[in-house]
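Engineer: Shown below is the structure under consideration.
Any read-out appearing in this document is the output of simple, stated calculations on the displayed coordinates, not a laboratory observation. Just so you know, these numbers come straight off a predicted model, no measurement behind them. With ideal geometry, Cβ positions are generated from the backbone for all residues, glycine too; neighbour counts draw on all protein chains shown.
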């Protein structure tokens with residue numbers, strides 16, 4: 001069997017794939033965070049809780065209503081998006097003129113409430129969610145065994161991330177959005193309904209988180225704490241990448257997933273902390289982040 | 001003695017009499033530890049304008065370090081506390097050096113991430129006892145007095161708290177504190193006046209971390225255990241909430257906030273049972289298991305309506321009345 005640094009190749013590739021899967025979640029979440037921050041000037045701590053909510057909705061749909069994975073993959077982000085709409089109109093819109101810190105604190109409070117609700121009904125134990133039939137099993141690629149579902153997660157998240165990138169960078173809607181990020185008052189003066197754009201941006205960002213949640217449901221067990229564990233890592237990813245560039249967010253997310261996967265192979269004890277160590281190094285070498293601009 | 005000082009002296013005397021009034025000493029000591037923790041945190045957010053989202057790291061570091069020194073190395077109690085505080089200050093120095101490289105919202109995210117890294121380290125390290133934590137840490141004796149007596153320990157903890165509070169008060173009202181305030185109000189201006197603001201921020205950060213550590217080490221001595229919860233991000237959130245409820249940037253606000261939140265945590269189970277009995281909805285009975293639901297709601301209400309906190313709002317109200325008179 002082929003070995004690299006004493007590690008069998010299939011094991012290495014398996015961990016790399018797992019890292020890529022995690023990286024896809026990082027990418028989708030940090031992308032949503034960056035877009036929301038650009039428009040609302042709020043760091044959405046609730047992003048993790050809404051990701052958890054997306055996963056839970058998928059599980060609940062199957063458990064109580066018998067709605068299958070594919071339908072929930074669309075439905076769950078829609079429901080969470082509408083929920084985000086309500087949050088933005090009801091709570092967040094009062095904070096835009098205040099210090100950024102209040103946005104972080106408010107969304108932190110929202111996180112605690114959402115988690116508390118799910119916890120009071122389902123506790124903290126995981127709910128298993130089966131891989132959909134069409135993606136069950138694995139494909140032998142010759143050099144490794146590829147579990148179909150994991151392959152699907154990576155492809156689906158990449159497609160969605162690139163679609164968001166194209167939407168923002170290549171369409172006229174995206175151009176308005178970017179202009180709104182730069183100078184909302186000027187854009188408003190051109191007759192664009194900026195408050196509505198802000199609301200929809202938030203809804204879109206959290207829908208992306210919910211989409212990631214549904215994708216994650218069959219891989220990780222669905223539980224009420226899955227979001228907050230992830231969001232802190234994603235914060236580190238955001239610090240490493242900087243929030244200035246969409247493509248930067250995606251690349252940083254994927255890259256760190258791979259770094260994490262490799263660490264699991266060569267030095268498993270550090271696999272849960274490696275992202276934070278990378279963050280510390282980046283802060284020392286390039287404080288503005290890999291893709292950030294020094295202000 | 002001016003009015004303010006005599007106010008603090010009366011307050012101190014009243015707190016000293018609490019055990020005689022039948023207040024459960026362990027509860028009072030726990031409140032004092034968290035009040036000190038919140039005051040230390042307030043030194044950053046309230047007086048320097050830095051939001052640290054990772055203060056649990058310092059509480060947890062000192063809790064474990066003091067617990068280890070007391071239990072395994074057999075340190076006398078005060079030395080154990082000093083050791084814990086020093087370790088927290090050291091961690092504060094490392095975190096501070098990294099975090100002050102970014103400002104504002106990034107500062108918060110960096111401190112949160114660094115604290116999470118330390119949490120994972122504690123989870124895996126052997127000296128912390130993993131999920132079980134450090135149990136049955138001995139209290140030892142001080143000047144021949146056994147601290148196993150809760151009332152004796154109460155006065156030791158009170159002395160520690162009073163001393164630390166005095167230190168914070170002096171810091172805030174010193175020229176150094178004035179520079180910190182100027183950084184909070186307008187950092188570029190402070191820089192243009194010739195202050196090396198990074199050094200001031202780092203010093204404030206280390207001081208805050210050390211004081212949070214003092215709270216954590218004392219807490220281990222009082223409760224006899226240190227667990228992973230001390231270093232968890234929810235604890236970082238809790239100290240923010242205490243400070244926010246009481247009033248950021250006020251001297252006594254964090255103390256009141258700590259008292260309210262700790263009391264709420266203790267009583268929320270009963271409250272849930274009572275609500276369940278009253279409304280017949282069984283869901284309320286489990287409220288004690290999901291405290292975060294209630295703390296989250298308080299967070300939301302505070303941020304939207306009471307950003308100045310109880311003490312801050314009360315001060316503003318008094319000011320308005322005085323102006324009208």
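Engineer: Could you put B:32, B:117 in order, starting from the residue whose Cβ has the fewest other Cβ atoms within 10 Å?
Structural biologist: Going from least to most buried by this count: B:117, B:32.
Engineer: Let me ask something additional. If you average the C-alpha positions of the stretch A:83-137 and of the stretch B:41-78 separately, how far apart do those two centres end up, in angstrom?
Structural biologist: Computed from Cα coordinates, the inter-centre distance equals 30 Å.
Engineer: So if we plug the beta-carbon distance of residue A:122 and residue A:190 into 1/(1 + (r/R0)^6) with R0 = 45 Å, what FRET efficiency do we get, rounded to 0.05?
Structural biologist: For R0 = 45 Å, the calculated efficiency reads 0.40.
Engineer: So how compact is the stretch B:15-251: Cα radius of gyration and Dmax in angstrom?
Structural biologist: Final numbers for Rg and Dmax: 17.6, 55 Å.
Engineer: Please determine, in degrees from 0 to 90 and to the nearest 10, the orientation of helix A:246-266 with respect to the longest principal axis defined by the Cα atoms of chain A, where the helix direction is its Cα long axis.
Structural biologist: Helix A:246-266 sits roughly 30 degrees off the main axis of chain A.
Engineer: Ignore the peptide's own chain and count Cβ atoms of other chains within 10 Å of each Cβ in A:260-272; give me the average, rounded.
Structural biologist: 1
Engineer: Continuing with this model, one more query. How many Cβ atoms of partner chains, on average, are near each residue of B:234-242 if near means within 10 Å of its Cβ? Show your work: numbers first, answer last.
Structural biologist: On the way: counts 3, 0, 1, 7, 1, 0, 5, 4, 0.
That works out to 2 on average.
Engineer: Under the rule of -39500 (n - 2.57) per DSSP H run of 4 or more residues, summed and divided by the residues of chain A, what mean residue ellipticity at 222 nm is obtained, to the nearest 500 deg cm²/dmol? The partial results should precede the final answer.
Structural biologist: On the way: 11 runs with 203 residues, N = 295.
So the calculated ellipticity at 222 nm is -23500 deg cm²/dmol.
Engineer: Can you tell me the 0 to 90 degree angle between the C-alpha axis of helix A:172-182 and the longest principal axis of chain A, rounded to 10?
Structural biologist: 70
Engineer: A further question follows. In the calculated pair distance distribution of the protein assembly as shown, what percentage of Cα-Cα distances lie above 38 Å?
Structural biologist: Taking all Cα-Cα pairs of the protein assembly as shown, the fraction more than 38 Å apart is 35 percent.
Engineer: Another question, then. Determine the calculated [θ] at 222 nm for chain B from helices alone, applying -39500 (n - 2.57) to every DSSP H run no shorter than 4 residues and normalising by the residue count; nearest 500 deg cm²/dmol. Don't skip to the answer; put the middle values down first.
Structural biologist: On the way: 13 runs with 235 residues, N = 325.
Rounded to the nearest 500, it is -24500 deg cm²/dmol.
Engineer: For chain B, with a Gaussian network of springs between Cα atoms less than 10 Å apart, report the residue from B:203, B:20, B:214 with the top mean-square fluctuation.
Structural biologist: Largest GNM mean-square fluctuation: B:20.
Engineer: Still on this structure, please answer the following. If each of residue A:11 and residue A:86 carries a label point 7 Å out from its Cα toward its Cβ, how far apart are those two points in nm?
Structural biologist: 4.9
Engineer: With the contact rule set at Cα under 8 Å and sequence spacing of 6 or more, what percent relative contact order holds for the stretch B:15-251?
Structural biologist: Working: 389 pairs, mean separation 105.4, N = 237.
Rounded, it is 44 percent for the stretch B:15-251.
Engineer: Report the relative contact order of the stretch A:3-285, percent, no decimals, based on alpha-carbon pairs under 8 angstrom and at least 6 residues apart.
Structural biologist: Over the stretch A:3-285, the number comes to 41 percent.
Engineer: Two-decimal Rg/Rh of the stretch B:219-305 from alpha-carbon positions, Kirkwood Rh?
Structural biologist: 1.02
Engineer: From the C-alpha coordinates alone, can you work out the Kirkwood hydrodynamic radius of the stretch A:3-285, in Å?
Structural biologist: This gives a value of 19.5 Å.
Engineer: Points 7 angstrom from Cα along the Cβ direction at residue B:324 and residue A:173: gap in nanometres?
Structural biologist: Here the answer is 5.2 nm between the modelled labels.
Engineer: Taking the simple approach of a point 7 Å from Cα along Cα-to-Cβ for both residue B:275 and residue A:225, what is their distance in nm?
Structural biologist: Here the answer is 2.3 nm between the modelled labels.
Engineer: Whole number please: convex hull volume per residue of the Cα set in the stretch A:70-224, in Å³?
Structural biologist: On the way: hull volume 24.5 nm³, N = 155.
Hull volume over Cα atoms, normalised by residue count, gives 158 Å³.
Engineer: Need one value for B:299-310: mean number of C-beta atoms belonging to other chains within 10 Å of its residues' C-beta atoms.
Structural biologist: 4
Engineer: Could you work out how far helix A:100-122 tilts from the main Cα principal axis of chain A, as a 0 to 90 degree angle to the nearest 10?
Structural biologist: 50
Engineer: Still on this structure, I have one more. For chain B, modelled as a Gaussian network with Cα springs under 10 Å, which listed residue fluctuates most, B:172, B:72, B:222?
Structural biologist: Per the Cα network of chain B with a 10 Å cutoff, B:72 tops the list.
Engineer: Counting only C-alpha contacts under 8 Å and six or more residues apart, can you give the relative contact order of the stretch B:50-161 as a whole percent?
Structural biologist: It rounds to 32 percent for the stretch B:50-161.
Engineer: Taking springs between alpha-carbon atoms closer than 10 angstrom, which of B:245, B:291, B:311 fluctuates most in the Gaussian network model of chain B?
Structural biologist: Maximum fluctuation in the GNM of chain B, among the listed residues, is at B:291.
Engineer: Ranking request for peptides A:57-63, A:280-286, B:156-162, B:215-221: highest mean number of other beta-carbon atoms within 10 Å first, then the rest in descending order.
Structural biologist: Per-residue mean Cβ counts within 10 Å order the peptides as B:215-221, A:57-63, B:156-162, A:280-286.
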